[in-house]
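J.: My questions will all concern the structure given below.
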Amino acid sequence: MLDKLAEVESRYIELEAMMADPAISANYERVAELAKERAGLQDIVDAYRRFQRQAEELEGARELLAAADDVEMRDLAAEEVAELEASNEALLDQLRLMLLPKDPRDSRNVIVEIRAGAGGDEAGIFAGDLMRLYTRYAESNKWKVQMLDVNEQGNGVFKNVVFEIKGAGAFSRLKYESGVHRVQRVPATESQGRIHTSTATVAVLAEMDEVDVQLDMNDVETQVFRSRGAGGQSVNTTDSAVRLIHKPTGLVVEMQDERSQLQNKLRAKQVLIARLYEAEAERQRSERDAERRGQVGSGDRSEKIRTYNYPQGRVTDHRIGVSSYNLPAIMDGELDVFIDQLATQDQAEQLAAGSLQ
């Protein structure tokens, strides 16, 4: 690891020299590119140099301890050695995390797709609840939300919802929300007070540029239709809604919330690109996971990632075994209690996978 850190510092020094070179400094775009790379290395280089300084101090403290000729001096030196050893170990842990490969999508905006699952109308109501949850979480982070496609059946029942969240680090936080969400509660229409279980699926896609995914429009069938309103009725006299069908994969994307057919087609294409990228990323993840399971054994998980139990006022994330008994706050967008621990677990799993190599 120390060799890798030395390489990072060497690259940082090289970047500084390049930016100071008159032949390069005149090229604004090149300087901006180099400055961005240097900024990405700044924190790790600062931490590494702090580690090096402390390592030198630790060596000096150990020499002082070895040369100490009275009890008081030895005690002071031993205390300093212990403090520096603990500090250096903490710095090494921090540096290990900083060296983990970054997900290139973490800085991207996201496209969130929520679809009602099992449970009839109650599943559709729960899909709407999740839409509001993520909208409020976005607002608390000062991210912007734009609805892309809403299929509401009436009475607050949503068949599916697609919306975009724009903001720094949106994907890095929300990527842990993909999966099956389960709700347990008594529906408003339940006369006998029985608890029903319903589900909704959430997909969080990083917004990708066309240069990230090669999409051949010859592989895409385009269909147009009139926009729907609540209950499925047509609300537009023109065929402005667009459906894109990616023939090689069977992926289907519909968009109807923009005013013109062209705008809906551009939005649908954007979502299709994101879903194609995610499908390829998932294929690669599955291959890596299969290889890792072969080395460390199976870690089979239930399909559901989180349960919202209204009678008990409890929300449980099954991936980390963590429960919150403040369900109203969670539904109001206070998700960090789960996301922080999911991110920590993700880092720990990456470190464990790296230790096997």
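The values are calculated or read from the model by the stated rules, or taken from the named source; none is laboratory data. Remember, it's a predicted structure, so these values are computed and weren't measured experimentally. Ideal geometry is used to build each Cβ from the backbone, glycine not excepted, and the neighbour counts take in all protein chains shown.
J.: Could you look through region 1-15, keep only residues that are acidic (Asp, Glu) and surrounded by 12 or more Cβ atoms within 10 Å (Cβ to Cβ), and pick out the one that is nearest to Asn88 (Cα to Cα)? Explain how you work it out, then say what you get.
T.: So the first thing to find is which residues in region 1-15 are acidic (Asp, Glu), and the list is 3, 7, 9, 14.
Right, trim to surrounded by 12 or more Cβ atoms within 10 Å (Cβ to Cβ) and you get 9, 14.
Working: Glu9: 18, Glu14: 26 Å.
Checking each candidate, the answer is Glu9.
J.: If I ask for residues that are modelled with pLDDT of 85 or more and assigned to a loop (DSSP other than H, G, I, E, B), which ones from region 223-249 would you list?
T.: Across region 223-249, the qualifying residues are Lys247, Pro248, Thr249.
Each row is one residue, and each column tells you yes or no for (1) in contact with a Leu (Cβ under 7 Å, 6 or more places away or on another chain); (2) free of Cβ contacts under 8 Å to residues at least 40 places away in the same chain; (3) of a type outside the set (S, T, N, Q); (4) within 24 Å of Ala274 (Cα to Cα).
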{"site": "Gly117", "(1), (2), (3), (4)": "no, no, yes, yes"}
{"site": "Gly120", "(1), (2), (3), (4)": "no, no, yes, no"}
{"site": "Phe126", "(1), (2), (3), (4)": "no, no, yes, no"}
{"site": "Met131", "(1), (2), (3), (4)": "no, yes, yes, yes"}
{"site": "Asn141", "(1), (2), (3), (4)": "no, yes, no, yes"}
{"site": "Gln146", "(1), (2), (3), (4)": "no, yes, no, yes"}
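J.: Okay, next question. Does region 148-156 contain any residue that is within 30 Å of Gly313 (Cβ to Cβ) and modelled with pLDDT of 90 or more? Even if it seems obvious, please write down each step before you answer.
T.: From region 148-156, those within 30 Å of Gly313 (Cβ to Cβ) are 150, 152-156; that's our starting set.
Filter once more, keeping what is modelled with pLDDT of 90 or more: none.
No, there is no match, as no residue in region 148-156 is within 30 Å of Gly313 (Cβ to Cβ) and modelled with pLDDT of 90 or more.
J.: If a residue has to be surrounded by 14 or more Cβ atoms within 10 Å (Cβ to Cβ) and under 22 Å from Val8 (Cβ atoms) to count, how many in region 58-93 make the cut?
T.: The qualifying residues number 5.
J.: Show the residue pairs meeting these rules: Cβ distance below 6 Å; 6+ apart or different chains; first residue within region 332-346 and surrounded by fewer than 16 Cβ atoms within 10 Å (Cβ to Cβ); second residue part of a helix (DSSP H, G or I).
T.: Asp332/Arg136
J.: Can you confirm whether Ala329 is assigned to a helix (DSSP H, G or I), assigned by TED's automatic domain parsing to the domain that holds Val161 and either modelled with pLDDT of 90 or more or touching a helix residue (DSSP H, G or I) at 6+ places or on another chain (Cβ under 8 Å) (or both)? If you could, list the steps in order and put the result at the bottom.
T.: On the way: assigned to a helix (DSSP H, G or I): yes; assigned by TED's automatic domain parsing to the domain that holds Val161: yes; either modelled with pLDDT of 90 or more or touching a helix residue (DSSP H, G or I) at 6+ places or on another chain (Cβ under 8 Å) (or both): yes.
The answer is yes for Ala329.
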